[in-house]
Amino acid sequence: MKNTVPVSIGSREPLDECDLLAVACFAGESPEVEGLGEAWRAAAARVAARTGWEGRPEQRGETAVEQGALSLCGLGRREDLTWRKLSAWLVRVADAAQVNGAARLTFLLPRHRETMGEAAAERIARVLALSDYRFDRFLSAATARRPRLSRVTILPPAGEEATYAAAVARTASLAAAIALARDLGNTPANEATPLWLEERAAELARERGIGFTVLHREELEQRGMGGLLAVGGGAIHPPRLLRLEVGSEGPIVALVGKGVTFDSGGISIKPAADMDEMKYDKCGACAVLALAWLAADLALPLRLRVYMPLAENVLDSRSYRPGDIIRFPNGKTAEITNTDCEGRLILADAMSLASEEGAEVLLEYSTLTGACIMALGRHAAGLFTPDDGLAADLLAAAERTGEKLWRLPVGPEYLEEMKGVHADLRNLATRWGGASTAAAFLSQFVGGLTRWAHLDIAGVAYVGRDQNSHPGATGYGIALTLDYLRRLTGTP
């Protein structure tokens, strides 16, 4: 795909042609350049001998070599290096290479716990495959677009070559799926309507032979899907529920993703500040669609069912109101106390259908609550599940892939707060513990299933303009979910 860059494994001697060789160096240590040709080793030594070189984080020194250029990059103290710091360094170097027109980029990696082993190799390969990602199709001038990388080569720590080669082979499809989810998530609401997402899903389904069905307004009414009908009732773009099915043998896994293509808050309207970021309220749906494509591409041995409830939450004379009572497919009712708590309503419809159709595991992804951002910041997603085994599996997958996940409580005390006065439930309780009360609400739509999990990705699904130089959708959750599914099915 155009938004990923080819990644390969190279040899130290002779070194493949490159425009820039980035060599990582820890503070107080000499560069680990064993095995490189004499010219490259001498270049690294020259930079390291310069006055002021200390190997501090983000410190960089460059020098020309006949075959290209070498950049010696400080990583700080060895014991302080984390995956987040390492991945940030990889991205910084790729950015600098693009700005300076270096199309062929090579990384020489040091020996460290964050660079050795299967999980580390897969994390690094994924980040580098996505290092050329940008969403620029709305830029009219070619001059506004950055130069692109044509190739990224990894020189692994000695002895890790086979591990990295396998990781690169496994990661290509994953990186493409993440780029797909980012493209969908970044597309603005004037284009990315529920119909537009349906058309994109239909195209992907045809390409990969994925089963695809759509429930439109008439079918939603017949099935009693009051959440979608209410939330999407005020929009000129009608709501719908997409269902994709991949595979015919193996465990039945349901993935549900929130797809609010734009969230104004409805009658309980949001503040104007940063409302443009509400195009990202569909990122859960974008992630599960990409996972359907990925599962088909990898031919994972499972029966994967993907549910995408899609709606636009806007103001109109037909918009649902605070005080309304709506009914869901499983018969439960909820009174509306705030129309800006719309995600849980459309998810209730989709989760009811998934449980009704016999899911053995149900994973749901949604940019659901600001309360989760208040609790965890923009560093981790919240994990809610009553199943300790499923929690352990997902947390382990998050640890291996570098996608941070933190388990938060969901229990009867939170459900008690969500009880309605004139209906079974209400869609918003008090301001306290809002992420857990939202999860408790969702717990009422999984039937008797215990192996279900809600991932609140509100803080990590996208990066805002004020956060760093790479704003936009992240594709969070795809890597950890693939890791989980691979281990669930015993797939290498």
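Details
- Solvent-free Debye scattering, log10 I(q)/I(0), computed from the Cα coordinates of segment 156-215 at q = 0.26 Å⁻¹: -1.11
- Calculation over all alpha carbon pairs of segment 7-91 in 5 angstrom steps from 0 returns a P(r) of 3, 14, 26, 24, 19, 11, 2 percent.
- Percent carbon-and-sulfur accessible area, the chain, ignoring ligands, DNA and RNA, probe 1.4 Å: 52 percent
- Among the GluC sites (Glu not before Pro) found in segment 304-366, those both in a DSSP coil and sparsely packed, with 15 or fewer other Cβ atoms within 10 Å of their Cβ, are Glu357, Glu360.
- For segment 448-492, the fraction of alpha-carbon pairs lying more than 14 Å apart is 64 percent, rounded to a whole number.
- Segment 120-229: GluC sites (Glu not before Pro) in DSSP loop, at most 12 other beta carbons within 10 Å: Glu191
- Loop-located GluC sites (Glu not before Pro) across segment 21-72 with a Cβ neighbour count of 16 or fewer within 10 Å are Glu29, Glu34, Glu54, Glu58, Glu66, with loop assigned by DSSP.
- According to the calculation over all Cα-Cα pairs in segment 49-112, the P(r) per 10 Å bin from zero is 17, 53, 28, 2 %.
- Close Lys pairs in the chain (alpha-carbon distance under 20 Å; sequence gap of 8 or more, or different chains): 9.
- Karplus-derived HN-Hα couplings along segment 361-377 (A = 6.51, B = -1.76, C = 1.60, θ = phi - 60°), whole Hz, x at Gly and Pro: 9, 10, 10, 10, 10, 7, 7, 9, 9, x, 4, 5, 5, 4, 6, 10, x
- Dimensions of segment 183-338 along the principal axes, based on C-alpha atoms and rounded to the nearest Å, stand at 45, 36, 22, largest first.
- Viscosity 1.306 mPa s, 10 °C: Kirkwood-radius Stokes-Einstein D of the chain over Cα pairs, µm²/s: 67 µm²/s
The values are calculated or read from the model by the stated rules, or taken from the named source; none is laboratory data. Predicted model only: the values in this text are computed from it and were never measured. Please note: Cβ atoms are built from the backbone with ideal geometry, for glycine as well, and neighbour counts cover all protein chains shown. Ligands, DNA and RNA are excluded from the accessible area calculation, which covers all protein heavy atoms including side chains. Shrake-Rupley method; radii C 1.70, N 1.55, O 1.52, S 1.80 Å.
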